[in-house]
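Chemist: For reference, the structure I am asking about is given below.
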Amino acid sequence: MHRFANPNRFLRLSRQVLPWVAGLAAVLMAAGLYLALVASPPDARQGDTVRIMYVHVPAAWLSLFGYASMAVASAVGYIWKHPLADLACKATAPIGATFTAVCLATGSLWGEPMWGTWWEWDARMTSVLILFFLYLGYLALVSAFDDPTRGLKAGAILALVGAVNLPVIKFSVEWWNTLHQPPSVSRLGTPAIDPSMLWPLLVMAAAFTAFFITLVLLNTRSEIIQRKIQVLRAAQAYGAAE
Amino acid sequence: MPDRLEQFLSMGGYGAYVWGAYGLCAVVMVLLVVLTLKRLRANERTLKMLDGLRASRRQQSMGNGDAP
């Protein structure tokens with residue numbers, strides 16, 4: 001029973017937290033959509049396509065945030081053998097992968113009208129595509145073992161090693177001469193973006209993050225329950241064999 | 001008013017790209033919620049069933065133990 005002490009506390013806590021995070025996501029999303037589609041001005045050079053930024057950039061941030069969380073969870077799982085860490089890591093992977101795909105697709109929809117191309121093998125886009133494959137690789141690896149705990153162990157190593165790609169993505173627009181524009185929000189000092197566009201972006205980013213956390217909590221619940229099912233099934237099979 | 005709506009929908013001629021991006025996000029996010037909840041519900045049902053099975057089996061074996 002000791003092994004489930006922490007996961008049980010997580011199940012209880014997450015049940016209390018979930019309605020609040022989900023509600024926050026809904027409110028922020030409504031406000032963010034209004035700011036992004038109605039209240040904010042079209043860009044002087046990009047016209048209304050700049051509105052794609054308000055979904056593209058939050059999705060991109062989440063793709064990085066998701067993988068970084070997985071790497072941290074894997075490290076925690078590896079060093080402290082925390083039973084929840086590996087399950088949380090696995091729960092994050094499909095959601096992070098989805099937002100990475102959304103980032104790539106919305107980037108394409110923005111690139112076509114503005115750069116005249118759906119895709120370019122430049123450093124930023126290629127490194128994000130590699131991130132997407134890392135997510136898929138993790139998911140494939142984790143489910144490739146008969147023993148689920150061995151799959152999680154192998155996945156944790158992949159998640160940790162793959163984290164090398166994160167700074168490459170972040171600095172790709174500075175290290176290489178890319179078609180993708182350099183950062184405009186996270187610059188030291190003042191952001192190179194007007195408040196009328198920065199606010200919708202920040203609200204949408206907060207909305208996407210709250211949504212992401214909601215789904216990760218739900219999915220972690222799923223993983224914990226699935227683990228319990230595996231343990232019960234194993235105990236039953238053992239009991240039946242006796 | 002219909003003019004303003006039309007203007008809003010056309011997005012300065014980039015309507016297909018802008019609405020394409022937002023529509024894609026909406027579809028993907030709704031799908032994520034539906035699939036995540038569906039998986040959670042299915043797992044919760046299975047666990048409940050297995051728990052019930054274990055409880056009834058334990059009761060059964062205890063009943064047998066009591067019998068002289």
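Chemist: With the contact rule set at Cα under 8 Å and sequence spacing of 6 or more, what percent relative contact order holds for chain A? Walk me through the intermediate numbers first.
Modeler: Values: 270 pairs, mean separation 78.5, N = 242.
In percent, rounded to a whole number, it is 32.
Chemist: Would you tell me the mean number of C-beta atoms belonging to other protein chains that fall within 10 Å of each C-beta in B:22-32, as a whole number? Numbers along the way, then the final one.
Modeler: Numbers: counts 9, 1, 6, 12, 3, 0, 6, 10, 0, 1, 11.
Whole-number average of other-chain Cβ neighbours for B:22-32 is 5.
Chemist: Using only the alpha-carbon atoms, how far is helix A:5-34 inclined from the longest principal axis of chain A? Give it as 0 to 90 degrees, nearest 10.
Modeler: Tilt of helix A:5-34: around 20 degrees.
Chemist: For a quick check: sort B:V18, A:V173 by the number of other beta carbons within 10 angstrom, fewest at the front. List each step's numbers first, then the result.
Modeler: Details: B:V18 28, A:V173 18.
The order, fewest Cβ neighbours first, is A:V173, B:V18.
Chemist: At 0.36 nm per residue, minus the direct Cα-Cα distance, what do A:F145 and A:R233 gain on full extension? Give it in nm, one decimal, please. Let's see the in-between values first.
Modeler: On the way: separation 88, 0.36 × 88 = 31.68 nm, distance 1.71 nm.
Result: 30.0 nm gained on full extension.
Chemist: Continuing with the same structure: For A:I224, A:I79, A:I169, A:I193, what ranking results if the residue with the fewest other Cβ atoms within 10 Å of its Cβ goes first?
Modeler: Numbers: A:I224 24, A:I79 9, A:I169 20, A:I193 15.
Ascending Cβ contact count within 10 Å gives the list A:I79, A:I193, A:I169, A:I224.
Chemist: Turning to a different aspect of this structure: Report the extension gain between A:A68 and A:L18 in nm, rounded to one decimal, defined as 0.36 nm multiplied by the number of residues separating them, less their alpha carbon distance.
Modeler: Stretched fully, the A:A68-A:L18 segment lengthens by 15.8 nm.
Chemist: Which shape class, rounded, prolate or oblate, goes with segment A:1-128 when its Cα gyration tensor gives a ≥ b ≥ c as root eigenvalues, a/c under 1.5 marks rounded, and past that a/b bigger than b/c marks prolate? Before the final figure, lay out each step's value.
Modeler: Values: a/c = 4.34, a/b = 1.74, b/c = 2.50.
Verdict is oblate for segment A:1-128.
Chemist: Mind giving me the nanometre distance, one decimal, between the label points for A:I193 and A:L179, set 7 Å out from Cα along Cα→Cβ?
Modeler: Going by the 7 Å Cα→Cβ label model, 2.1 nm.
Chemist: Additional query: Could you state the orientation-averaged shadow area of the convex hull built on the Cα atoms of the protein assembly as shown, in nm² to one decimal?
Modeler: Working: hull surface 81.9 nm².
Its Cα hull, projected and averaged over all orientations, spans 20.5 nm².
Chemist: Between segment A:23-60 and segment A:132-160, how many Å separate their Cα centres?
Modeler: Measuring centre to centre over Cα atoms gives 35 Å.
Chemist: Inside 10 Å of the C-beta atoms of A:231-240, what's the mean count of C-beta atoms belonging to other chains? Please list the in-between numbers first.
Modeler: Working: counts 1, 7, 2, 0, 2, 4, 0, 0, 3, 0.
Mean shielding count: 2.
Chemist: Ranking B:R41, B:R54 by Cβ neighbours within 10 Å, fewest first, what do you get?
Modeler: Values: B:R41 11, B:R54 14.
Neighbour counts put them in this order, fewest first: B:R41, B:R54.
Chemist: Tilt of helix A:148-162 relative to the longest C-alpha principal axis of chain A, in degrees (0 to 90, nearest 10)?
Modeler: The angle comes out at about 30 degrees.
Chemist: Which entries in A:K81/A:K153; A:K81/B:K48; A:K90/B:K38; A:K90/A:K228 show an alpha-carbon gap greater than 22 Å? If you can, show how the numbers build up before the last one.
Modeler: Details: A:K81/A:K153 10 Å; A:K81/B:K48 28 Å; A:K90/B:K38 17 Å; A:K90/A:K228 15 Å.
Those over the limit are A:K81/B:K48.
Chemist: If you line up the long axis of helix A:123-142 against the longest principal axis of chain A, both from Cα atoms, how many degrees apart are they, to the nearest 10?
Modeler: 10 degrees
Bear in mind these aren't lab numbers, they're just calculated from the coordinates by the rules spelled out. Everything numeric in this text was worked out from a predicted model, so none of it was measured. Here Cβ is always computed from backbone atoms with ideal geometry, including for glycine, and neighbour counts include all displayed protein chains.
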